[in-house]
1. Would you be able to tell me the number of residues in the stretch 84-105 that are closer than 24 Å to Arg63 by Cβ, of a type in the set (A, V, I, L, M) and in a helix (DSSP H, G or I)?
2. Does any residue in the stretch 146-158 that is more than 12 Å from His110 (Cα to Cα) and of a type in the set (Gly, Ala, Ser) come within less than 7 Å, Cβ to Cβ, of a residue that is open to solvent by less than 10 Å² (accessible area, probe 1.4 Å) and part of a loop (DSSP other than H, G, I, E, B) six or more places away or on a different chain, and which pairs are these?
3. Residues Arg21, Arg16: which one is at pLDDT 95 or above, in contact with a Cys (Cβ under 7 Å, 6 or more places away or on another chain) and open to solvent by 40 Å² or more (accessible area, probe 1.4 Å)?
4. Considering only residues that are over 17 Å from Ser149 (Cβ atoms), part of a loop (DSSP other than H, G, I, E, B) and not small (Gly, Ala, Ser), which ones fall in the stretch 23-48?
5. Restricting the search to the stretch 101-130, which residues are open to solvent by 10 Å² or more (accessible area, probe 1.4 Å) and β-branched (Val, Ile, Thr)?
6. With the condition kept exactly as written, say whether any residue in the stretch 90-99 is over 18 Å from Arg17 (Cβ atoms), open to solvent by 50 Å² or more (accessible area, probe 1.4 Å), basic (Lys, Arg) and in contact (Cβ under 8 Å) with a residue 40 or more places away in the chain.
7. Being part of a loop (DSSP other than H, G, I, E, B), open to solvent by less than 40 Å² (accessible area, probe 1.4 Å) and touching a residue at least 24 places away in the same chain (Cβ under 8 Å) is true for just one of Pro75, Pro141. Which residue is that?
8. Please specify each residue of the stretch 147-170 satisfying the condition of being surrounded by 12 or more Cβ atoms within 10 Å (Cβ to Cβ) and more than 13 Å from Val52 (Cβ to Cβ).
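The values are calculated or read from the model by the stated rules, or taken from the named source; none is laboratory data. Predicted model only: the values in this text are computed from it and were never measured. Here Cβ is always computed from backbone atoms with ideal geometry, including for glycine, and neighbour counts include all displayed protein chains. Just so you know, the surface numbers come from the protein's heavy atoms only, side chains and all, with ligands and any DNA or RNA stripped out. Shrake-Rupley method; radii C 1.70, N 1.55, O 1.52, S 1.80 Å.
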Amino acid sequence: MQNEVLKAIRERRSIRRYETRQIADEELKTVLEAGTWAPTGHGTQSPVIVAVQNPELRERLMRMNADIMGVSTDPYYGAPTIVLVLAPADNYNKERDGSLVLGTMMLAAHSIGLASCWINRVDTMFESEEGKAILRELGLPEDLAGIGSLALGYASSQPKTVKPRKEDYYKVVK
């Protein structure tokens with residue numbers, strides 16, 4: 001069976017090399033709006049999506065993430081846009097809901113010709129005092145937990161190989 005959604009699922013890859021040019025506003029809006037259509041527990045729509053294109057804030061986020069990772073390189077691979085997904089810390093479904101938002105945005109990005117890569121450590125970033133300060137600067141509540149983030153932009157290269165899927169990846173029980 002084949003359709004455009006299944007094709008996008010099969011073809012999407014995590015990209016780790018980006019062009020420096022910024023993505024178009026319409027493309028960004030398309031990806032962000034796609035994230036709002038991801039399912040959430042009890043339909044709460046509790047995740048918070050923040051797209052960062054401001055160079056100074058992008059640099060701060062990059063440094064925070066790199067420090068946690070223990071590296072001096074850019075964990076966002078030079079992508080010009082960083083998309084943060086946060087959720088109320090007391091929401092039982094925060095990781096599930098936020099993960100679905102991130103995955104949906106990754107598929108949407110791929111479907112319109114953008115590249116993305118899920119970037120971790122956002123939980124630790126926003127548990128820190130610096131993370132809380134950034135939330136305040138953005139006018140967001142300090143009790144948001146970081147779920148994940150995306151490097152988002154135009155790919156400067158594509159992976160040359162794709163791992164085959166494991167034969168025993170799924171089972172059917174009837």
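1. Residues meeting the conditions: 2.
2. Gly146/Phe126; Ala151/Tyr76; Ala151/Ala79
3. Checking each option against the conditions leaves just Arg16.
4. Trp37, Pro39, Thr40, Thr44, Gln45 - these are the residues of the stretch 23-48 that are over 17 Å from Ser149 (Cβ atoms), part of a loop (DSSP other than H, G, I, E, B) and not small (Gly, Ala, Ser).
5. Thr104, Ile112, Thr124
6. yes
7. Pro75
8. Ile147, Gly148, Tyr154, Ala155, Ser156, Pro159
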